[in-house]
Structures are given as structure tokens and as C-alpha cells.
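Only one structure is covered here, and it is reproduced in the block below.
The values are calculated or read from the model by the stated rules, or taken from the named source; none is laboratory data. On a predicted model such as this, the values are computed, not experimentally measured, just so you know. With ideal geometry, Cβ positions are generated from the backbone for all residues, glycine too; neighbour counts draw on all protein chains shown. Accessible surface areas use protein heavy atoms only, side chains included; no ligands, DNA or RNA. Shrake-Rupley method; radii C 1.70, N 1.55, O 1.52, S 1.80 Å.
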Amino acid sequence: MTTGIVPLVDAEEEALYGAKAVGLGEALRSGLPVPPGVALPGPEVDAIAAGEPVATAALREAVRSLPMPVAVRSSAVGEDSAGASFAGQHLTVLNVRSVEDVEQAVREVWWSANSDSAITYRKRLGVFERPSVGVVVQSLLAPDTAGVMFTRNPISGADERLIEANWGLGEAVVAGRVIPDSFRVARGGEVLERTPGFKKIAIRPAPDGGTFDEKIPVDQRETLCLSDEQLRALSGLAEECERAYGTGRDIEWAFADGTLYLLQCRAITIAAGSAPVAAPKSEGESIGHVPLFSELAAPDLNAIAGLFTQRVFAPGETVVKEGAEAAAFYLIDAGTATVTVQGAFRRTLGAGDHFGEIALLDQGVRSATITADTELVCRGITLWDFRPLVQSNGALAWTLLQTLARMLRGPEGS
């Protein structure tokens with residue numbers, strides 16, 4: 001079932017579309033320069049992650065009108081409030097070059113919001129509930145320069161604009177990949193300070209999708225990448241954003257072909273590989289060998305198996321990290337992975353192995369780090385999907401409890 005993919009300009013309900021999408025919709029309605037895009041509500045993203053045909057067809061139809069390539073970004077409810085910023089927690093997939101690949105990118109974003117690191121961050125904020133993950137699909141620019149701007153200095157609190165910039169896509173600034181140029185600009189547009197950074201790379205769209213790091217020539221690494229005219233334009237954009245949203249804004253922006261674009265505008269936070277594809281609905285027998293599920297009846301096994309979603313990890317990618325909050329259980333379908341505890345090798349996992357089932361029950365922390373050796377194809381289930389099934393099925397819950405008791409007693413039955 002679908003609940004409404006809409007053009008960004010029509011995204012108005014934050015509980016459905018998330019703050020990022022609604023903020024961009026407000027910007028468009030206010031006449032600000034925002035690249036075209038569409039907003040996906042949380043229930044629609046859940047359906048796409050589960051591989052529901054109606055939802056995936058609706059997604060493809062919605063993005064056909066967008067100029068390609070596109071960026072696929074999370075817009076989870078509560079993601080960019082004044083009390084929390086999920087930058088670095090939720091995934092952005094850049095330079096998606098076909099309608100078909102957008103579906104895969106949406107699943108990657110969904111999984112990032114259900115990752116151990118995102119769950120850990122939510123728990124630290126006192127928020128431990130299933131995330132509602134909206135998504136923004138937006139035409140991707142190939143900017144000359146891009147970066148971030150704070151309409152109030154977040155360090156000193158001074159009533160001035162603080163701007164950080166780099167060549168190419170702004171992700172190099174957002175992710176801390178470079179030392180960006182830094183500028184302080186008075187509210188009236190006067191440039192107060194210019195500080196060259198050390199910009200060794202620019203992130204550029206790759207011809208076949210994704211991005212690559214372009215090395216900046218040595219003589220440009222400390223050359224300022226913004227002119228005074230561009231700084232005045234940014235100051236004007238800051239004024240327009242504050243007029244539309246209120247004071248204290250954190251803005252992502254880009255200059256492409258001489259035009260300034262707004263990419264994101266949120267409240268300033270108060271300090272306190274291969275893409276996945278839809279998993280087919282698996283037969284219950286595929287999880288019957290997992291000790292926790294070994295005593296369940298076939299209908300219950302099938303019900304659990306139907307909740308799995310496929311996830312693919314690139315070689316070298318961390319699957320789970322020791323000490324991180326746990327929120328998902330995985331079965332390995334293909335590839336190998338290494339298990340380490342406090343840096344020491346413990347074992348190698350392969351097809352048919354599994355890990356993390358207790359995370360579905362106790363919401364504890366990971367006891368080991370697991371790293372993909374090769375491309376690792378897994379099926380995963382989050383506690384958000386598992387918990388409602390158990391709560392609604394008393395017989396299943398009782399069988400799990402009995403099985404867990406036997407596991408705790410051990411082979412001697414003491």
C-alpha cells in the first residue's frame with residue numbers, strides 16, 4: 001500500500017515526510033532556489049525496503065520526470081531538529097544515474113537509519129523507537145563550489161554568517177574530508193574575515209555513478225574558492241532563509257554554472273558498496289537452523305522469514321561494531337566476513353552463518369566486530385519489525401521464551 005510520493009513543493013506534513021523534505025518544500029513555496037525533487041513518506045519507504053511491487057512501481061513513476069542523475073537522502077522524522085542532527089548517521093547516495101538504481105538507493109538509506117550507529121545515537125538522545133524514514137530524491141548538481149553556512153556563528157554565538165566552502169560537492173565539507181575555506185560575513189554582507197583552508201580533494205560525480213575524489217592542484221589548495229560577489233549572494237540567501245524559517249539556520253548550498261542553490265536548511269543543532277536489492281520472501285526453513293528459532297512451528301518461521309530485507313556490504317565494510325547498540329539480526333547468503341573481539345581474530349563467517357539474534361530481544365550492545373572480507377550478501381531483520389510480530393502472537397512468544405530458557409540452562413539442563 002502506498003501513502004503518497006509527492007513533489008517536494010507539496011511536502012508539508014513532517015510526521016510523514018520528515019523535517020528535511022518539509023523544509024525543502026517550504027523553501028520552494030517561498031521561492032528559494034532549490035533543485036527539483038520528490039518526497040517519499042516513511043510508510044512508503046518501509047514498503048520499498050520490503051520490496052512491495054506497488055510501492056516500487058510508484059517510486060519509479062515518480063522519479064521519471066526528474067533530471068538525472070539524482071541524490072537520494074534520508075529525511076527521517078526528528079532527524080534535523082535543534083536538539084539532534086543525524087549528519088553522518090543516515091546515508092546519502094549521490095549520483096544515482098537511472099530510475100532503476102533509485103530503488104536500490106532508497107533501500108540503502110532505509111538500512112542506514114536502522115543501523116547500529118544510528119540506533120546508538122538515538123538511544124543517547126533518549127529516543128528508542130522505530131525510526132520513520134522519509135526520503136528525498138533530488139536532481140544532483142555538479143557544483144563548482146559548495147559547502148555549509150550558519151546564519152549565526154555556532155562557536156561564538158556572534159550575529160554573523162559563518163561560511164565554509166570547498167571545490168566540488170559539499171560532502172567533502174560536511175564529512176570533514178578537507179580543511180575548508182572559512183569566511184565570516186556581517187549580517188549586512190560585509191566580509192569580516194577570509195581564512196584559506198587546505199583543500200586537497202574535491203568530490204565529483206563519476207561518469208558511471210557514485211563519486212570520486214579529484215586531487216586539487218597544489219597551487220589551488222590554499223586559493224580561496226569563493227569571490228566577494230558569491231559571499232554577498234550567500235549572505236542574501238541566509239537572510240531569505242531566516243525570513244522563511246526563523247533565525248539560527250544551518251544551510252547547505254552550492255554554486256553550479258554561476259547559480260546559487262539551496263540544498264538544505266535546518267535549525268542549528270544545540271550541542272549536548274554494491275547496492276542492496278529486494279529480498280524475496282524466504283521459506284521458513286532458511287532460518288530454522290538458528291537456535292533461537294529452532295523450536296518454532298512452520299507458520300511462525302514463515303512469518304519471521306517474510307520480514308527479512310536483503311543488505312549487501314562492500315569488501316572491507318564494517319557490518320557491526322563491538323560496543324555499538326544492536327538493532328538487527330543477519331543471515332549470510334553469500335560471501336565471507338571476519339569476527340574480531342578487542343581487535344583479536346575469532347573466526348570467519350560464511351554462507352549459512354548468522355549473528356545478532358539476541359539483539360532482537362535485549363537491545364544490548366554488540367559483543368564483536370564483524371567486517372566483510374568479500375562482498376557480503378545478507379538478509380536482515382530489525383527489532384522494529386520483529387517486536388510487533390512477537391507481541392501479537394502469544395504462542396510464538398512463549399516458544400521463544402522456552403527456547404531461550406533451554407539455551408541459558410545449557411546442555412546439562414541445570
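Computed over protein heavy atoms with a 1.4 Å probe, the accessible surface of the chain works out to 43 Å² per residue. Here the Karplus curve 6.51 cos²θ - 1.76 cosθ + 1.60, taken at θ = phi - 60°, turns the phi angles of segment 175-184 into couplings of 8, x, 7, 9, 8, x, 4, 10, 9, 10 Hz, with x standing for Gly and Pro.
Full extension of the chain between Lys215 and Ala57 yields a length gain of 52.9 nm, computed as 0.36 nm times the residue separation minus the alpha carbon distance. When segment 1-52 is described by a simple charge dipole with +1 on each Lys and Arg Cβ and -1 on each Asp and Glu Cβ, the residue from Leu40, Val9, Ala50 located farthest towards its positive end is Val9. Relative contact order of segment 304-357: 32 percent, from C-alpha pairs under 8 Å at least 6 residues apart in sequence. Separation of segment 1-31 and segment 364-393, taken as the distance between their Cα centroids, equals 31 angstrom. Hey, of [x] 18.4; [y] 21.9; [z] 23.4, which did the structure itself give for mean projected area of the Cα convex hull in nm² when calculated? Identified label for the calculated read-out: [y].
Proximity of backbone amide H atoms, modeled 1.01 Å from N, is registered between Leu263 and Glu252, Trp253, Ala254 at under 5 Å, excluding neighbours fewer than 5 places apart on the same chain.
Dipole orientation for the chain: of the candidates Ala238, Gly18, Ala267, Ala267 has the Cα lying most toward the positive pole (charges on Cβ; Lys, Arg +1; Asp, Glu -1). For the chain, carbon and sulfur atoms together expose 52% of the accessible surface, with a 1.4 angstrom probe and every protein chain in place. Computed from point charges on the beta carbon alone (+1 for Lys and Arg, -1 for Asp and Glu), the dipole magnitude for the chain about its Cα centre is near 640 Debye.
Which FRET efficiency value, to the nearest 0.05, is calculated for Thr374 and Thr195 with the Förster distance at 45 angstrom and r the Cβ-Cβ distance? For Thr374 and Thr195, the calculated efficiency is 0.50.
Modelled this way, with points 7 Å down the Cα-to-C-beta line, the labels at Thr223 and Trp398 are 7.6 nm from one another.
Grab the beta carbon distance between Glu12 and Ala334, set R0 = 56 Å, and tell me the FRET efficiency rounded to 0.05. After rounding, the FRET efficiency stands at 0.85. Each peptide in 381-390, 181-190 receives the mean, over its residues, of other Cβ atoms within 10 Å, and ordering these scores from highest gives 381-390, 181-190. Protection proxy ranking for 235-244, 329-338, using the average of other Cβ atoms within 10 Å per residue and placing the highest first: 329-338, 235-244.
Averaging the Cα positions of each part gives two centres, and for segment 157-222 and segment 325-346 these lie 37 Å apart. Taking label points 7 Å from Cα along the Cα-to-Cβ direction, Glu317 and Glu171 give a separation of 1.3 nm.
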